[in-house]
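Comments concern the structure below.
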Amino acid sequence: MIPTSYFIILSAILFTLGAIGVLVRRNAIVIFMAIELMLNAANLAFVAFARQFGAENGQVLVFFVMTVAAAEVAIGLALIVAIFRNKQSINIDDLHELKG
Amino acid sequence: MTVQVALFIALAAVAIVAAIGLLRAKNAVYAALCLVSNFGVVAVLYILLGAPFLAMVQITVYAGAIMVLFVFVIMLLGAEHLEHEDHLLLQGPLGWLLGLGLAGLVTFAAISANLSAPAELPAEVSANFGSPGSIGHLLLTEYVFPFEVISFLLLAAMVGAVVLTLVQREKKARRSLRNPQQS
């Protein structure tokens, strides 16, 4: 069988790539996708540990995380559409009205 | 090296390459395609881990519904090429550097954490482990309160999304009512 640590390491790598995506990209939609990548990596760790301990509670939690991710995407994309209508841009460098 | 480990390494390589493709893609549609392939690979990993229900949910909800929403918004805004020149030269390399530091830290923590269970996955689990039936049973018995809360959250998100996109049209209508000659 595959050791659990392999899954955890893959999860860590994917999470990190998502975090880097949030840091280096300027397109709000791509930043959202990177956040989805991070949520997905966390889900992978949940499922790996659920398998290791033989408990299905981890899988139920993954179900909840997916639901929250779906809600977050709906709200976030609605916000992006609203911002685009106001500013004709979704580059987050252009959103600096609150900057002192 | 067993067949399963070889399969895992191949799948992991595809997942990582897709994630890097998401970071490097100039076109937002390519980024979305990379994310879809990453989600598909993770669904296969879920099957390897004995979670067939979650694998199907991953395909339908993540790779299906959520990504369709993303692609829909990209197309709606015509936002494929909106990224222009970076004003902050230092930020890109610094982001990668900090990210690599985070990768090292998380991997170190994952390896050095003394899990109280054996490091190997148990070879056998019960036949209906992770099946829709057993997950549904858990959802409606032990987790029934979080389940209801999450349904409220979805309702709130739905109303919120509708309100966020409706506000402007309403304002415009009101404005044109106030001074009709301008509209």
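Neighbour counting of Cβ atoms within 10 Å sorts the residues A:Glu72, A:Glu97, fewest neighbours leading, into A:Glu97, A:Glu72. Counting only other chain Cβ atoms within 10 Å of each residue's Cβ, the peptide A:40-52 averages 6. Using θ = phi - 60° in the Karplus curve 6.51 cos²θ - 1.76 cosθ + 1.60, the 3J(HN,Hα) couplings for segment B:105-110 round to 4, 5, 5, 4, 5, 5 Hz; x is entered for Gly and Pro. Each peptide in B:48-57, B:15-24 was scored by the mean count of other Cβ atoms within 10 Å over its residues; highest first, the order is B:48-57, B:15-24.
Full extension of the segment from B:Asn27 to B:Gln4, taken as 0.36 nm per residue of separation minus the current Cα-Cα distance, would add 4.8 nm. Taking square-rooted eigenvalues a ≥ b ≥ c of the alpha carbon gyration tensor, is the protein assembly as shown rounded, prolate or oblate, where a/c under 1.5 means rounded and, failing that, a/b exceeding b/c means prolate? In terms of gyration-tensor shape, oblate. Cα-based radius of gyration for chain A, normalised by 2.2 N^0.38 Å, reads 1.34.
Distance between the pseudo-spin-label points of B:Val144 and B:Trp96 (7 Å out from Cα toward the beta carbon): 5.4 nm.
Over 17 Å, how big is the tail of the calculated P(r) for segment B:1-82, in percent of all Cα pairs? Here the tail beyond 17 Å accounts for 52 percent of pairs. Assuming charge only on the beta carbon of Lys and Arg (+1) and of Asp and Glu (-1), the dipole of chain A about its Cα centre is about 140 debye to the nearest 20. Taking the dipole about the Cα centre of chain A, with the C-beta of Lys and Arg at +1 and of Asp and Glu at -1, give me whichever of A:Phe32, A:Ile8, A:Leu61 is farthest to the positive side. So the residue furthest toward the plus end is A:Phe32. Legend: ranking of residues A:Thr4, B:Thr60, B:Thr2 from fewest to most surrounding C-beta atoms inside 10 Å; resulting order B:Thr2, B:Thr60, A:Thr4. Per-residue Cβ neighbour counts within 10 Å put B:Tyr30, B:Tyr62 in the sequence B:Tyr30, B:Tyr62, beginning with the fewest.
Every read-out reported here was derived from the displayed coordinates using simple, explicitly stated rules and does not represent laboratory data. What you are looking at is a predicted structure, and each value in this text was computed from that prediction instead of being measured. So basically every Cβ, Gly included, is an ideal-geometry build from the backbone, and we count neighbours across all protein chains shown.
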